[in-house]
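Working notes for the structure below.
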Amino acid sequence: MGLGRFLHTHGEREDAGGTIERARAYEVMAAVWFAGRRRRVFTRLAALADARSGDTVLDVGCGTGYLTSLLAARVGPEGRATGLDPSGPMIDYARRRAPGNCSYVLGEAQDLPFGDMAFDRVVSSLAVHHIPVDARDAAMREMFRVLRPGGRLLIADFRPPTGRTGAHLTSALAGPAMARNPIGRLRGLITDAGFDVRDEGDQRPLLHYVRATRPRSSTPAPPLARDAAE
Ligand SMILES: C[S@@+](CC[C@H](N)C(=O)[O-])C[C@H]1O[C@@H](n2cnc3c(N)ncnc32)[C@H](O)[C@@H]1O
């Protein structure tokens, strides 16, 4: 069993998504994966999120709250950073280390427990590949709904290696959901939800990110046909 399979609850189906239930082990694994560069990479992500003093920021799939804390530092005492994750152990771990302007909420990206236009910024790192494939469009629409018009979105996710050796290694260590993560579809998911993409790029060594804006004159995208039929 690879380390990723030990941590993830994906089960056998790589499109099923899954939570992470071992917070301490996740912290160790993240330190190993980023090989001493985790702080630098996530400080850069916090800068890419463009959060400013006084902003309200939501971190979707926050895990242990590593990025949420960096965002809390950027928005300062007048602002607020909120992390959301469906894993109780991850939320407990994050809450124990939360700075004063930071709070954590149990929940899923595809059903966000927040009001419309509640945030100035929405970010998510390494979490989209954990959302079940058939819930990813709903998740992106939820991020659109809770972001204020003119607000900014940053989504970063795992960029699988393209070489055969790297792909085999990733599959063995982290499982097929990461090894075959369809990172090229991220931009389409975001535009389909109604966002205007600003730019995208790689954040080495492991991530690809897309930055987008909710248009100023926008209402949330209509429900998906299958949701409307229920
Ligand atoms: C690889 S961790 C990333 C944690 C953190 N964002 C980071 O960059 O270190 C992925 C997180 O996504 C969470 N997750 C799983 N399913 C989710 C869902 N449907 N909605 C939001 N988060 C989810 C997992 O529980 C896990 O904490």
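Any read-out appearing in this document is the output of simple, stated calculations on the displayed coordinates, not a laboratory observation. Since the structure is predicted, the reported quantities are computational estimates derived from the model, not experimental observations. Note that we place each Cβ from the backbone using ideal geometry, even for glycine, and neighbour counts take in every protein chain shown.
Overview of results
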{"read-out": "Within the chain: Cβ-based charge dipole about Cα centre, in debye rounded to nearest 20 (Lys, Arg +1; Asp, Glu -1)", "value": "940"}
{"read-out": "Nearest-20 debye value, the stretch 30-163 charge dipole, Cβ charges on Lys, Arg, Asp, Glu", "value": "680"}
{"read-out": "Value of Rg/Rh across the stretch 10-60 [Cα atoms, Kirkwood radius]", "value": "1.08"}
{"read-out": "Over the chain: Rg over Rh, Cα atoms, Kirkwood Rh", "value": "0.94"}
{"read-out": "Cα-based radius of gyration of the stretch 32-168 once divided by 2.2 N^0.38 Å, which approximates compact folds", "value": "1.03"}
{"read-out": "Rounded FRET efficiency, nearest 0.05, which uses the C-beta distance separating residue 116 from residue 39 and R0 of 35 Å", "value": "0.50"}
{"read-out": "Cα centroid separation - the stretch 125-157 against the stretch 60-113, whole Å", "value": "15"}
{"read-out": "Selected from 60, 98, 18, residue furthest toward positive end of dipole (the stretch 1-141; charges at beta carbon)", "value": "98"}
{"read-out": "Distant alpha-carbon pairs in the stretch 61-108 (separation over 14 angstrom), percent", "value": "37"}
